[in-house]
Amino acid sequence: MIRTFAVSALLLAAAVWPAAAAPRVPAAPATLRLSRAQAIAQALAENPTVAAAIEQVAQARARVAEATALPDAAVATTLEQEQNFLSPRTATAKDIGLALTIPFPEKLRLAGKAATAAVRSAEFSLTQLRQQLAFTTAQAYDAVLVAAQHGVDLEEAKQLAQGFLAKTEARYQAGTVAKLDVLKARVDVAQAENDLIANARAVATTRAALNRLLARPLGAPLETTDVLAAPPRLPDLDTLEALALASRPEIAGLASDRAAARDVTTLARRYWLPDLSLTLSRNFTAGSPAAFSTAASFTIPLFFRQHEKGFIAEARHRESELAADARDLDAQVALDVRTAFANADTALRQVAYLRDQLLPEAADAYRVASVSYALGGSSALDVLDAKRAMLDARTQYTDALGAADDAVADLERAVGAPLPMPSGDPHVQ
């Protein structure tokens, strides 16, 4: 009985041990389905660059406390009438005191204002980073849409190639076409298959790029819910330029830097305000009762020209530098808006032309060539050329839609605010 029980226990342990010893495989991430707006929101919430910028803002807030902090107190000890330096107990008088330096309150106030302006500047930098990340995420999302749409177009191209191959082989069996037409059709099918293989790599690459921005594993499954469509019409350029000058975080951040520079200049000019140094001591003298003493001192700016030629001059030149930077930044922002507007306007016009002109004409040309070939009126080369032109037109249209979405997103980044919706038809005209 005991031997049977022992054998059963060993068998049970052998069965359980592999399962217990096997390494735990992490669960695969779930498929994420999201729109372009959701992708941007998740990137802003999860991307580590935003987290780093938030910490920089927190550091700037901590520097406000540093700028307004009082100096630490110091303990001062004096030993007098020692017989030598190595015999401190021979001193006949000892002073033990607490020393404290109190800056002039106006200096603390101005230093705090300058540090607070630096906080605002860091916050504007964070806003600028968020806008740039939103634009980059929109680009990555559109790249996924473009790659997926190319896959759809290439799959249709493969089906058309296979249909043409079947039709050519039937005609070859009937003796109405040469063997060369069959070979051309087979090459076309092979080319379509190869294009699909290359597009699969593009799909995987674009999804990995989007996952990186979303702070997800690069190979995590991802599905997009938006589709490629023509963006709305653009607002007036003058309206966008005025909105950019009022909304761009760089301009607001530079204005905050200029305010901080003025406070620094004012602080430098207050060099004559005295800082008070106060020392409270208790005196011990041999043969005498303990006593207290108070010592106070303050600075006297005898060498005032050092301040005029040094700190004050530096602060003034810093103000002039920032004023020049502000004028240059206004011009840069205006140019950025105009360039982005021109790109977006051109992209929208290309979308309209491809949709209304090139695509219908290419489809008609392929239909005519295909029907004519079925009736024996055109060659296989004519059909293949017409099909290639139609598929090229679809590829151009897909690329144009993605480029238009990216151009509009870049224009929104250049403006620094959501684009106002123009009145009238919201679609491309």
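The values are calculated or read from the model by the stated rules, or taken from the named source; none is laboratory data. Computed from a predicted structure; not experimentally measured. As a convention, Cβ positions derive from the backbone with ideal geometry for all residues, glycine included, and neighbour counts pool all protein chains shown.
Descriptive notes on the structure:
- Any hit, the range 25-48, residues being closer than 30 Å to W272 by Cβ and either of a type in the set (S, T, N, Q) or at pLDDT 85 or above (or both): no
- Checking R33 against (1) assigned to a helix (DSSP H, G or I); (2) within 31 Å of the chain's Cα centre (by Cα), the condition it does not meet: (1)
- Of A261, A209, all but one fail to be surrounded by 16 or more Cβ atoms within 10 Å (Cβ to Cβ), farther than 28 Å from A347 by Cα and among the hydrophobic types (A, V, I, L, M, F, W, C); the exception is A261.
- A single entry from D392, D328, D356, D336 fulfils the requirement of being touching a residue at least 40 places away in the same chain (Cβ under 8 Å), within 30 Å of Q139 (Cβ to Cβ) and not polar (S, T, N, Q): D336.
- Matching option when the condition is in contact with a strand residue (DSSP E or B) (Cβ under 7 Å, 6 or more places away or on another chain) and not small (G, A, S), among L180, L110, L160, L145: L145
- Check on G97, closer than 23 Å to A268 by Cβ and either of a type in the set (A, V, I, L, M) or over 15 Å from the mean Cα position of the chain (by Cα) (or both): no
- Scanning the range 372-389 for any residue that is touching a residue at least 12 places away in the same chain (Cβ under 8 Å), surrounded by fewer than 20 Cβ atoms within 10 Å (Cβ to Cβ) and closer than 30 Å to D226 by Cβ turns up at least one such residue.
- The one condition in (1) in contact with a Pro (Cβ under 8 Å, 6 or more places away or on another chain); (2) exposed (fewer than 13 other Cβ atoms within 10 Å of the Cβ); (3) on the phi > 0 side of the Ramachandran plot that A215 fails to fulfil: (2)
- Flag for D325 being at pLDDT 85 or above, under 49 Å from the mean Cα position of the chain (by Cα) and surrounded by fewer than 16 Cβ atoms within 10 Å (Cβ to Cβ): yes
- Filtering T116, T101 for residues that are in a helix (DSSP H, G or I) and surrounded by 15 or more Cβ atoms within 10 Å (Cβ to Cβ) leaves a single hit, T116.
- For W272: the one exception among (1) in contact (Cβ under 8 Å) with a residue 40 or more places away in the chain; (2) loosely packed, with under 12 Cβ neighbours inside 10 Å: (1)
- Members of the range 213-237 that are closer than 17 Å to A43 by Cβ and either of a type in the set (D, E, K, R) or free of Cβ contacts under 8 Å to residues at least 40 places away in the same chain (or both): R216, L218, E223, D226
- Among the residues making up the range 178-217, those that are in contact with a helix residue (DSSP H, G or I) (Cβ under 7 Å, 6 or more places away or on another chain), under 30 Å from L133 (Cα atoms) and of a type outside the set (S, T, N, Q) are A202, V203, R207, A209, L210, L213, L214, A215, P217.
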